[in-house]
1. Mind sorting 292, 104 by how few other Cβ atoms lie within 10 Å of their own Cβ, fewest first?
2. Based on alpha-carbon centroids, what's the gap between segment 268-302 and segment 148-227 in Å, whole number please?
3. Size of the chain along its principal axes in angstrom, Cα-based, largest extent first?
4. As a test, work out the antiparallel percent of DSSP beta bridges whose residues both lie in the chain, rounded to the nearest 5.
5. When 93, 28 are ordered from fewest to most other Cβ atoms inside 10 Å of their Cβ, what list results?
6. Nearest 10 degrees is fine. How inclined is helix 87-96 to the longest principal axis of the chain, computing both from alpha carbons?
7. Could you give the angle, 0 to 90 degrees to the nearest 10, between helix 151-168's Cα long axis and the longest principal axis of the Cα atoms of the chain?
8. Quick one: which of 296-303, 276-283 comes out on top by average Cβ neighbours within 10 Å, and what's the full order, highest first?
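Bear in mind these aren't lab numbers, they're just calculated from the coordinates by the rules spelled out. Just so it is clear, the model here is predicted, and its values are computed rather than measured. Cβ atoms come from the backbone with ideal geometry, glycine included; neighbour counts cover every protein chain shown.
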Ligand code: ADP
Ligand code: NA
């Protein structure tokens, strides 16, 4: 291998948040210089919750367009649909048989999701980490960018891979976590102790990538802060710290520089500056996104080409696995 392999992806939803962007997508753009990058539209994972078929299909396509609009070049990155490469489901079944119930019982995300979807606690929700292991191991990924909330998933992937390798020899590369240098953890604008998430019911808590400028500024103006008037980073100031993290991530300014910039000014000025900075950052992405959605042939071509590329690598691993286990 010339370059190390990097694997990541997001569930097939039509919206992404500023958290998805600053925590993941924005950082992915330049990784293709150093890594052979695979990014999936993880539509099989999305089936763990009930989907409206028409919306689901549109959402997967919107996610694809958002990836590209954010700057991921489909010629330099393999951006493909998980469901278009059957090897994901095929390897997941094999790995299911090498995963213990006890391991899955320990996954904290299952407990969270089961509590949230009490009316549909399906087996897919439970074995989700095994499908995720298959996603990563199929491409012999060396590194996986992970958020703190996903560490447990990478751990179980490594455990399954090591177990398999111990039985059958060196079949899978054992993936490592990759921590981006300039990635931000973005908190809810209404409760800065919680992660900003698209599933938040309070619309003011979340900046969506396709929100227009006025909406973005309005949401930042309403962001929960504190009763002081000091733009300072600190654990005792989660609201202001979150805004500083967002502003710093986009402008490249340090916390000290930001404090100095807004010293003697009120929170109103600071919030407006953050809102404008975010809106200006997202404007080109939004413009490109609109163009891409109209260019059906271009997106179709990218999907087709990259599906085939992904399948080539995935099938190579799957054949190796089948051979080892006697299928
Ligand atoms: P969500 O929590 O919005 O459902 P996902 O769990 O699908 O998002 O995460 C997709 C990617 O975005 C992951 O790499 C995750 O670490 C990152 N991410 C999600 N929310 C945030 C956030 N608030 N701040 C930073 N990164 C985030
Ligand atoms: Na999530």
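1. Going from least to most buried by this count: 104, 292.
2. 20
3. Here the spans come out as 71, 45, 42 Å, largest first.
4. 10
5. Lowest count first: 93, 28.
6. Once rounded, one gets 80 degrees.
7. The two axes meet at around 20 degrees.
8. Those peptides, ordered most packed to least, come out 276-283, 296-303.
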